[in-house]
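The values are calculated or read from the model by the stated rules, or taken from the named source; none is laboratory data. Remember, it's a predicted structure, so these values are computed and weren't measured experimentally. Please note: Cβ atoms are built from the backbone with ideal geometry, for glycine as well, and neighbour counts cover all protein chains shown. The area values use the complete protein model at the heavy-atom level, side chains included, leaving out ligands, DNA and RNA. Shrake-Rupley method; radii C 1.70, N 1.55, O 1.52, S 1.80 Å.
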Amino acid sequence: MFRFAVILGLLSAVGPLAIDMYLPALPLIEAGLGADVTAVQASLTVYFIAFGVAQLFFGPYSDQVGRKKPLYIGLAIFAIGSIGCALAPTIGWLLAGRFVQGIGGAVVMVVPRAIIRDQYTGTQATRLMALIMMVISVSPMLAPLAGSVLMEVASWRGIFWALAVLTLASLSLTLFALPETLAHDNKVPVNVTSLMRGCGILLRDKKFMGLTFIGGFGMASFFVFLANAAFVYTSEFGLSPVQFSLAFAVNALGFFSSSQLAANLGEKFGMEKVVATATFGFLVFTALLLGLVLAGFGTLPVIVGVLFLANACLGLVVPSTMVMALDDHGDMAGLASSLGGTLQMVAGGLMVVLASPFFDNTALPMVAAIAICAVVAFVLTRLVLNKSDIAVTPA
């Protein structure tokens with residue numbers, strides 16, 4: 001299982017790398033292309049939306065032709081988008097390149113999740129998902145630092161050239177190291193009628209939709225952080241790109257380290273109870289942070305420390321809800337994975353758009369938007385999961 005997780009984790013890291021590596025460069029892109037903060041933040045938003053919507057194609061397509069061919073196509077598109085970003089003369093060109101990147105990057109979100117469902121369910125699937133996240137965790141911890149180093153020798157454009165090269169390496173990995181996991185007998189012909197029927201089943205499934213958006217608003221909080229942390233940490237707290245990379249790595253470490261506990265805790269207490277407890281913890285920590293910032297105690301150590309704890313709760317929520325949402329839909333795992341991923345990414349992108357008018361390079365708007373995401377995730381948990389499943393067992 002570990003070798004399989006490493007392969008899928010390296011493939012899945014391509015999409016996050018397109019975000020994490022260029023985060024330290026956002027202020028430089030703003031200056032270099034003569035754009036304002038909102039336009040630069042839009043380079044994240046268009047990536048999230050394209051990344052989400054394109055999953056609606058790659059998921060059903062992988063159910064029809066297998067898991068590997070969509071990976072070849074998506075990674076090739078991602079490489080083209082990366083080259084376009086590297087050559088961008090204007091912010092509009094950069095946005096177009098990011099959109100193309102997002103379309104290609106979608107494949108490394110939806111197909112690995114479908115591959116997991118081909119092989120495992122329940123806590124075994126959660127364990128594999130957690131192992132994959134352990135591999136992906138290298139991205140948010142090292143990618144911003146790598147991006148900072150590349151900026152020193154090749155400006156921010158060198159980051160996108162590096163992404164193009166890494167994508168070619170991912171294509172080789174898919175070709176030579178990844179087996180096809182979808183059996184021929186399990187391939188599903190896709191047409192508009194079957195696609196609409198499958199989407200209808202999933203959209204009417206209260207549990208699927210609820211779990212999708214519980215994880216989705218957890219991810220949305222992280223998207224808000226991604227869109228604003230570079231500006232907040234460098235403008236309000238005066239961090240250099242390298243210092244920002246280290247602070248960002250601490251926040252990401254909370255998420256990925258706790259995700260390794262999700263499967264074991266799910267086996268011991270039940271996955272529903274783990275999700276319910278973790279969303280409550282996420283709410284408590286984000287509300288605490290908002291209160292501290294409002295009271296004037298929003299120092300850099302406080303923000304980094306409390307976000308570490310909040311993200312640790314998210315590390316239990318996101319992989320668990322992903323697996324739980326797919327458990328009952330193994331016969332259309334690709335479609336379920338793609339629809340769930342689309343809804344989550346669009347929700348995250350829209351959250352950034354709705355909150356962006358309030359961002360002013362200070363911590364308060366960012367922290368407030370994260371807290372709102374926590375409230376929504378907590379309320380959905382209470383509405384969707386059975387009360388008997390999430391009740392605390394007496395000692």
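For segment 181-264, just say rounded, prolate or oblate: build the C-alpha gyration tensor, square-root its eigenvalues into a ≥ b ≥ c, call rounded for a/c under 1.5, and beyond that prolate if a/b exceeds b/c, oblate if not. Note, shape of segment 181-264 comes out prolate.
Compare 196, 366, 271 by solvent-accessible area with a 1.4 Å probe and give them largest first, with all protein chains kept in place. Please list the in-between numbers first.
Working: 196 125, 366 0, 271 25 Å².
The residues order as 196, 271, 366, largest area first.
Compactness of segment 152-310 is given as radius of gyration and Dmax, 21.2, 62 Å, from Cα positions. Within the full protein context, the accessible area of residue 83 is estimated at about 70 Å² for a probe radius of 1.4 Å.
Largest to smallest in accessible area, the residues 185, 205 fall in the order 185, 205 (1.4 Å probe, all protein chains included).
Residues considered: 304, 318, 111. Largest GNM mean-square fluctuation over the chain, using C-alpha springs under 10 Å, is found at 304. Listed by chain and number, the lysines whose alpha-carbon sits under 21 Å from that of residue 206, ignoring those within fewer than 8 places in the same chain, are 273, 387. Counted residue by residue at 0.36 nm each, then reduced by the alpha carbon distance between them, the extension gain from residue 250 to residue 90 reaches 54.3 nm. Using a probe radius of 1.4 angstrom, the carbon and sulfur fraction of the accessible surface of the chain is 71%.
For segment 253-330, the relative contact order is 50 percent, taking Cα pairs closer than 8 Å that sit 6 or more residues apart in sequence and dividing their mean separation by the residue count.
Potential lengthening of the chain between residue 354 and residue 240 amounts to 38.2 nm, from the contour at 0.36 nm per residue minus the alpha-carbon distance. Rolling a 1.4 Å probe across the protein heavy atoms gives segment 1-77 an accessible surface of 30 Å² per residue. If you wrap the tightest convex hull around every Cα atom of the chain and split its volume per residue, you get 125 Å³.
Rounded to the nearest 10 square angstrom, residue 187 shows an accessible area of 70 square angstrom against a 1.4 Å probe. Which FRET efficiency value, to the nearest 0.05, do you get for residue 6 and residue 295 by plugging their Cβ-Cβ distance into 1/(1 + (r/R0)^6) with R0 = 51 Å? That gives a FRET efficiency of 0.70.
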